[in-house]
Amino acid sequence: MSYLEQLNESQYEAVTAPLGPVRVLAGAGSGKTRVLISRIAWLLETEQAEPFGILAVTFTNKAAFEMRTRLEDTLKFSLRGMWIGTFHSLCHRILRLHHRDAGLIENFQILDSDDQVRLCRRVIRARGLDEKLYQPRVLANFINGHKEEGRRAQHIEVYNDPFTKNLVQLYHDYQTLCEQSGLVDFSEILLRTVELLRTHQAILAHYQERFKFVLVDEFQDTNSVQYAWLQLLSGKHQNLFVVGDDDQSIYGWRGAKVENILHFDSHFEGVTTVRLEQNYRSTKAILEAANHVIEKNDTRLEKRLWTDNESTQPIILYRGTDGYDEARFVVETIKERLKEGYRKSDIAILYRSNAQSRLFEELLLRGQIPYRVYGGLRFFDRAEIKDIMAYLRMVVNPNDDVSLERSMTTPPKGIGQATIEMIREYAAQQRISLWESMQHLLEGQQLSTRAHNVLLAYSAQIHDLMQKVEEMKLDQFFAYAIEQSGLKAQYKKEPLNRGEDRIDNLNELITAAEYFMMSDQVELAFSDDPVDIHSLTTKEQLDAFMGQTSLDSSEAQAEAGEDSIQLMTLHASKGLEFPIVFLVGMEDGMFPSDASIQEADRLEEERRLAYVGITRAEKILYLLGAEQRMIYGKTLRMPPSRFIRDIPPHLVEMIGPAIAIRQTLPSGNRGGKREQFEDNIDGYKIGQFVSHPKFGDGVIQGFEGVGASTRVIVEFSEAGRKVLVLSFANLTIL
């Protein structure tokens, strides 16, 4: 058992833990995969289990393949009979074997997410409901969310809400259609398997007897129905071995339940809990910072990362004057690090929201530094940006057929395929553009009343934009076009994270217009020399903007596998590691977001996300933010993220033009020189003595929020700690 000799003390304790329920709390970079594989190897080599009796569950096919490969390399024999796979693949296997008992036809087919949306559209239309109000993707998410909680349509409480009542009816219609067509969606695979095991005791007994040992990776990411499936399978022998990290539970918005790992010991008796706290990835300063950030969460299982790595490299904190300065610093620093011998693929730029990538993409392109947006699209390739750009292009050139078809149908306006075909046919016959064809048809008698009305409304919408572009500044026009298009209203109906992300991207486009207007001079197709941008009309500025962005978009991002800078959201970074990490947008209002600051559960998940981001760094971590940002057409002062304020000053080196970081040392700070950083808002400062009419005398401890919603934190002598809206606090400086 040479593999046991490679384990540290805690890893060995986990691998050789007694039979029964085991919870392994595996901190970031602590070797959880090695523990999971070694546990299986130990069970087999000590003859407590046979391959046939083991079920190992992962979240990705890649992880399942890696587990099987490493196990076979460790054991040097075949694992034939062992089930290793994802939740979906394993449940699919069970349904194939027991399709009749599950109420499915033998050759049932899996419905992918796009086909599911199409089926949702079909049932919405069959009910004659307005697709603007009952959007197919929203319905699909509604159905999936309830299935992940184990709820069928008939189990959903409607109360007196007509909208929800219709959604429930559509869920019922959708499921009926799936049954008739022999289709199962991804969420159905899991729910149907759980229902099968609950209603067929013989089948449940068979799998409980076969799989005496069930092992699960990334347990903190399980949802309700996944956990129910695991509880059913391990119900007899109780040999459920789960590996996860509650501090890295960042998928609550898509159904993951951190409670599954937190309360595991209340669901099973005699649970053995082992903590893996030794990190093999990061420096001491990085881990100390991560520990200080995450320990502020109330809902967690105690754990503290440590390392033998003796590097003295501090965390570098840069506070730019604005978002552009932040991005400029990142790109210039990347150039310096590349000269030192680092590869481009050693470097990652992490951000909270996809919308934040735009400035970094722009400056990397200008610097001719290859980059890749990991797990996503470049800014101007994103659907919502292409959608609004179609409207903007129609303003400049209404004869753009591609933009007309996109803007005509997004968001849905009730313009059917038959009407579009009529416009196409007339355009082909007359050899004119689709816009001209539509105008001719509106003047004639060929259209039905309904088709005439919806086309007239669309035509009026575009004409309105053509008029308004002459009356507004470019950024104001962008904001107006976004509102008038109906895109923002559509995205507000989407699930929280997805909809917020799309709206953030639209708002970032307004910021892009603002930065474009600061460029002073711009190159135009009709001019040999750069032209003063302020000498142009707004319509000409719009044309120039679209020309520039089209050229930028034509620069292909690096191919997968090519040496390139990695750009990604914090969610996408989970499970990855890089020698150098730039964690950007570290400001209250950006990260954490304003919305999450108001809700304790969401703020705790944001803090876990910060912990994940910090622990992606192996050698050098940069935490960056801006003093001010242009948001929704306004320049707002941005206070430093509370997550930065959680990090003791002795762990960081501060550089940059604006290093005013609100920082007080946490209680119990172990050594380190106390540093005092200036922070002044409307004449109030941290450490200042103030008086309040009701609460008496106190000391200012810090600030939260942005602009008019800025809050001041005061520790009062008698009333204790209070958080007050600064503009209404009525504080007197003593």
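At a glance:
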| item | result |
| --- | --- |
| Residues (of a type in the set (D, E, K, R) and either in the same structural domain as Glu508 (by TED's automatic domain parsing) or surrounded by fewer than 18 Cβ atoms within 10 Å (Cβ to Cβ) (or both)) located in region 342-377 | Arg343, Arg366 |
| Members of region 1-23 that are surrounded by 21 or more Cβ atoms within 10 Å (Cβ to Cβ) and under 19 Å from Arg281 (Cα atoms) | Gln11 |
| Residue among Val15, Val35, Val57 that alone is of a type in the set (A, V, I, L, M, F, W, C) and within 23 Å of Glu618 (Cα to Cα) | Val35 |
| Count of region 229-261 residues which are touching a helix residue (DSSP H, G or I) at 6+ places or on another chain (Cβ under 8 Å) and surrounded by 20 or more Cβ atoms within 10 Å (Cβ to Cβ) | 20 |
| Qualifying residues in region 422-450 (those that are of a type in the set (Val, Ile, Thr) and within 20 Å of Met394 (Cβ to Cβ)) - the one surrounded by the fewest Cβ atoms within 10 Å (Cβ to Cβ) | Ile432 |
| Boolean, Gly672 is farther than 22 Å from Ser30 by Cα and at pLDDT 90 or above | no |
| Region 189-226, subset of a type in the set (Ser, Thr, Tyr) and surrounded by 23 or more Cβ atoms within 10 Å (Cβ to Cβ), residue nearest to the chain's Cα centre (by Cα) | Thr222 |
| Within region 1-20, considering residues that are at pLDDT 95 or above and touching a helix residue (DSSP H, G or I) at 6+ places or on another chain (Cβ under 7 Å), the one farthest from Gly270 (Cα to Cα) | Leu7 |
| Wholly within region 120-214, helices (runs of 4 or more DSSP H) carrying at least 1 residues that are touching a residue at least 40 places away in the same chain (Cβ under 8 Å) and within 22 Å of Lys492 (Cα to Cα) | 136-148, 162-181 |
| Selected residue [at pLDDT 95 or above, surrounded by 18 or more Cβ atoms within 10 Å (Cβ to Cβ) and part of a loop (DSSP other than H, G, I, E, B)] from Ala56, Ala49, Ala102 | Ala102 |
| All positions within region 584-633 that are of a type in the set (Asp, Glu) and under 16 Å from Ile316 (Cβ atoms) | Glu618 |
| Test: residue in region 2-17 that is charged (D, E, K, R), in a helix (DSSP H, G or I) and more than 19 Å from Lys303 (Cα to Cα) | yes |
| Which listed residue is among the small types (Gly, Ala, Ser) and out of contact with any helix residue (DSSP H, G or I) (no Cβ under 7 Å at 6 or more places or on another chain), from Ala56, Ala41, Ala64, Ala28 | Ala64 |
| Given (1) charged (D, E, K, R); (2) over 30 Å from Asn141 (Cα atoms); (3) touching a Gly at 6+ places or on another chain (Cβ under 7 Å); (4) without any contact (Cβ under 8 Å) to a residue 24 or more places away in the chain, index of the condition Arg424 fails | (3) |
| Breaking point among (1) farther than 30 Å from Asn505 by Cβ; (2) at pLDDT 95 or above; (3) polar (S, T, N, Q), for Ser448 | (2) |
| Options Arg96, Arg127, Arg100; residue that is of a type in the set (Lys, Arg) and more than 19 Å from Leu197 (Cα to Cα) | Arg127 |
| Yes/no for Asp346 being within 25 Å of the chain's Cα centre (by Cα) and either closer than 30 Å to Asn8 by Cα or touching a residue at least 60 places away in the same chain (Cβ under 8 Å) (or both) | yes |
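For (1) modelled with pLDDT of 90 or more; (2) on the phi > 0 side of the Ramachandran plot; (3) in a helix (DSSP H, G or I), each residue gets a yes or a no:
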{"position": "Leu365", "(1), (2), (3)": "yes, no, yes"}
{"position": "Gly376", "(1), (2), (3)": "no, no, no"}
{"position": "Glu384", "(1), (2), (3)": "yes, no, yes"}
{"position": "Tyr391", "(1), (2), (3)": "yes, no, yes"}
{"position": "Pro411", "(1), (2), (3)": "yes, no, no"}
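The values are calculated or read from the model by the stated rules, or taken from the named source; none is laboratory data. Not measured: the values here are computed from a predicted model. Glycine gets a Cβ as well: all are built from the backbone with ideal geometry, and neighbour counts include every protein chain shown.
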